[in-house]
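Have a look at the structure below before the remarks.
All of the numbers you see were taken from the coordinates with simple rules; none came from a lab. In this text the structure is predicted, and so the values were computed from the model without any measurement. Please note: Cβ atoms are built from the backbone with ideal geometry, for glycine as well, and neighbour counts cover all protein chains shown.
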Amino acid sequence: MIHNVTSLGMQCTGMPHQPITAMLTCLQESSTHILTAYGTSKEWYGGKKRQRERKLQLMGAGQGNGAAPTAYGLLSAAIIKVMALLGFGAVFTTAISLQTISVVCSMFVDNCDLWQSAKSTTSTGEDIVPQMQKAADAWEGCLAATGGALSPKKSFWYLVDYKWTGTQWDYCTKAEMPANLTMKDSKGVTHILC
């Protein structure tokens with residue numbers, strides 16, 4: 001969580017910048033020692049040590065910081081809003097009430113499931129793959145801009161489509177719908193997702 005973007009996310013709710021700046025400055029300038037059963041570690045990191053080594057300040061909201069979950073939620077909400085503004089997501093119509101529901105993703109802590117649906121009932125699974133690739137690229141770009149990165153090792157995807165068998169709807173197989181989705185890791189190396 002890059003601090004300037006985190007600060008903007010918190011300020012969007014109307015929070016004044018002074019307490020945010022105080023919190024983030026404290027996090028950037030703090031020197032951290034590890035407390036163990038044997039006492040406090042002699043080695044430490046952060047703060048002036050990083051400044052002496054001409055390294056960038058540590059980012060993030062700080063583990064145990066009471067404001068961290070809210071800051072993370074606000075930062076995530078901003079990314080989700082960008083994705084919605086770019087037209088990504090899935091649209092569902094409920095069977096009974098016929099209400100339309102738009103969903104960009106479902107998230108839990110640092111795990112996210114991106115959803116992408118076709119714009120038309122006549123679109124095929126293959127038609128949606130380029131849009132899903134654009135969504136994955138946009139998500140990766142938003143994460144990179146806010147201090148995060150994707151992990152291709154922890155990522156996977158599903159392409160779901162149906163076919164009419166003459167008597168019923170059935171799922172298409174992978175062989176009937178070959179497609180690939182790629183993703184960059186934190187070093188910019190592109191990987192094909194399984």
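Assuming 0.890 mPa s and 25 °C, estimate D for segment 86-192 with Stokes-Einstein, Rh taken as the Kirkwood radius over Cα pairs, in µm²/s. Calculated translational D: 158 µm²/s. Each stretch of four or more DSSP H residues adds -39500 (n - 2.57); spread over every residue of the chain, this sum gives -11000 deg cm²/dmol at 222 nm. What FRET efficiency would be calculated for the residue pair residue 145, residue 108, taking the C-beta separation as r and a Förster radius of 25 Å, to the nearest 0.05? The computed FRET efficiency comes out at 0.70. With 29 Å as the limit on Cα-Cα distance, the pairs of 134/154; 55/184; 119/184; 163/187; 49/187; 81/154 that go past it are 163/187. Each Lys or Arg adds one and each Asp or Glu subtracts one; over the other residues with Cβ under 14 Å from the Cβ of residue 30, this totals +2.
Using C-alpha pairs below 8 Å separated by at least 6 residues, the relative contact order for the chain is 15 percent. Taking only Cα atoms, what is the 0 to 90° angle, nearest 10, from helix 125-145's long axis to the longest principal axis of the chain? For helix 125-145, the angle is close to 10 degrees. Relative to the dominant Cα principal axis of the chain, helix 17-29 is inclined by about 70°.
Computed over the Cα atoms, what is the radius of gyration of the chain divided by 2.2 N^0.38 Å, N being its residue count?
Ratio of Rg to 2.2 N^0.38 Å for the chain: 1.34.
Neighbours of residue 117 by Cβ distance under 15 Å: Lys/Arg scored +1, Asp/Glu scored -1, total -2.
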